[in-house]
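Undergrad: Quick one: this structure, given as structure tokens, is what I'll be asking you about.
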Amino acid sequence: MASGFGFPILSPAEIAEQLFQYGIAPVANLRPENIASPQPDLLPGVLARFFDSFVDAPGDGEDGLLGFSDLEVLDNPEHHAEAIRVLRLYNKSQAFLDSIQFKDFTLADFSRPTPRRVVEVLSALINFLFYREEKVTLLQPIVSETPDYHERTLELKARMAQLQKEIGDHELAEQMEEPMAQQLEADVNALQQKVQVYNKQQLALRAKAAVINDKKEEIHRKITQADFELTKHAQENSRLMSKLVKSPEKVQRALEEKKSARAKLKESEKIAMQNDQEKSAALEIRNKAHEKLTKQHSKIQDVHEQLVAAKTVEKEVKARKAKLNDESVSVMSFDAQIVDWQGKVHEMEERLKGKVKERNQIIADENQKLGALSSETEGKLRCLEPREKKVEATIAKASNLCSEAASSRTAATAEQQKIRAKFNSIVKAFNTYMDSVDPFLERVEEVGRQSAGEGASAPDPSAAVTTKTTPRASAMSKKSRARKRT
């Protein structure tokens, strides 16, 4: 057998029954005769249904598309689609059979197999399904401890997908709003610079207004002083007018003094008028500056409103970033839960490995006992070999005696009868001996069949023992039957 893995060869009827039971039969009316004389599409059909049912996960099947390398090599790729599909199925089948230690699976075995190879491949496949079913049954108590593991995993994956989608939407929205945010930030920076410039201008205008107020107060003070002097001069004039009647010379002198004082007063009045005009001009300048400051203040208020709007947008951006951070924390918590579940799965796998190791140890002990039994049986057979040789020598001697008796039949009939009687007694003793040996050989065959049935999933040594003992026992029984007939 081409496999390094021990498994019994099933009959075509058993193979057909098991194919129907596992649902991998290529046709609905599969009969044992179809396996005994297989068609070329039998084995590919079984393997394809086997991979679809037990090996490939949903969505892992071949999509039938060719790669760029295939398209470059083939002139008409559409003409080779079926051949490429069959070749991919063969490669997958060869890899799987190699993994279960079924070696030397060739393309000829896949496309046009012999009945013997079909039976061997299907037997290996069905024994693998037996082994898989046994392991699944062994793992069922462990799986039952976490009944909602798959549902929880699916929920977590769905939640992760939803969060990933939301994160992607937020990132997309952030990317779409990023130019607007950058533009707003640039506008805010420009407005802040303008505010600084306007603040400097406002400080300069306030300084100028303070200087103008100082000048205005000084002018008011001078006007008040001039009014006081004018009142004083009027009193002096009335006093002089009263003196004018009394002394004309004094009046004339006083009049000249008054004229000079009036000239000085006019001069001071002229200066006051000039100061008043300057004050009016300064007041007009102040009014214009106030209008400019009002306009600048309205602009500053507009800039302030834009700055507040920009700060609001910035707060929204920060809130969205914080929300994204919270969602990333929740995703990390989900990742931690997934890692925890993976740790539990790893622990279950370790427990499974321990169970498998314990089972292998039990099988090894049983194989060791079976090896001891087979060695004991071989020792007994070796003990029987000298007796068999002795019997063969006796038979050869009897044959020689028969030939001598045939040559001297006419001369020694009585002696010939005596020798024939002796020969018959020897044959009777030999038959009696073989009758006593046959039950022992039958027990050896039964032990071999039992060991072959018990070691269906055992390693190769048990199969080797069976193949060593059974042909020898069958040969011994054939020899005994042949000698009985003689």
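The values are calculated or read from the model by the stated rules, or taken from the named source; none is laboratory data. In this text the structure is predicted, and so the values were computed from the model without any measurement. Glycine also receives a Cβ, built like all others from the backbone with ideal geometry; neighbour counts cover every protein chain displayed. What goes into the accessible areas is simple: the full protein's heavy atoms, side chains included, and nothing from ligands, DNA or RNA. Shrake-Rupley method; radii C 1.70, N 1.55, O 1.52, S 1.80 Å.
Undergrad: At ARG359 and SER268, where each label point lies 7 Å from the Cα along Cα→Cβ, what is the point-to-point distance in nanometres?
TA: Here the answer is 12.9 nm between the modelled labels.
Undergrad: May I pose another question? Which entries in LYS194/LYS288; LYS200/LYS318; LYS216/LYS288; LYS380/LYS422; LYS216/LYS292 show an alpha-carbon gap greater than 23 Å?
TA: Those over the limit are LYS200/LYS318; LYS380/LYS422.
Undergrad: Please work out the FRET efficiency for the pair VAL211 and LYS295, using the Cβ-Cβ distance as r and a Förster radius of 22 Å; give the result to the nearest 0.05.
TA: After rounding to 0.05, the efficiency reads 0.50.
Undergrad: Could I ask something else about it? Roughly what would the spin-label model give for GLU218 and GLN182, points 7 Å off Cα along C-beta, in nm?
TA: 5.6 nm
Undergrad: Still on this model: Just the accessible area per residue of the stretch 176-237, please: how many Å² with a 1.4 Å probe?
TA: That works out to 80 Å² per residue.
Undergrad: Straight-line reach from LYS258: which lysines have a Cα under 18 Å away, not including same-chain ones fewer than 8 places off?
TA: Hits, sequence-local ones excluded: LYS232, LYS243, LYS246, LYS250, LYS266, LYS270.
Undergrad: What distance in nm separates the simple spin-label points at SER407 and THR153, each placed 7 Å from Cα in the Cβ direction?
TA: Calculated label separation equals 8.8 nm.
Undergrad: Taking R0 as 56 Å, what's the FRET efficiency between SER399 and ALA81 from their Cβ-Cβ distance, rounded to 0.05?
TA: In this case the efficiency is close to 0.20.
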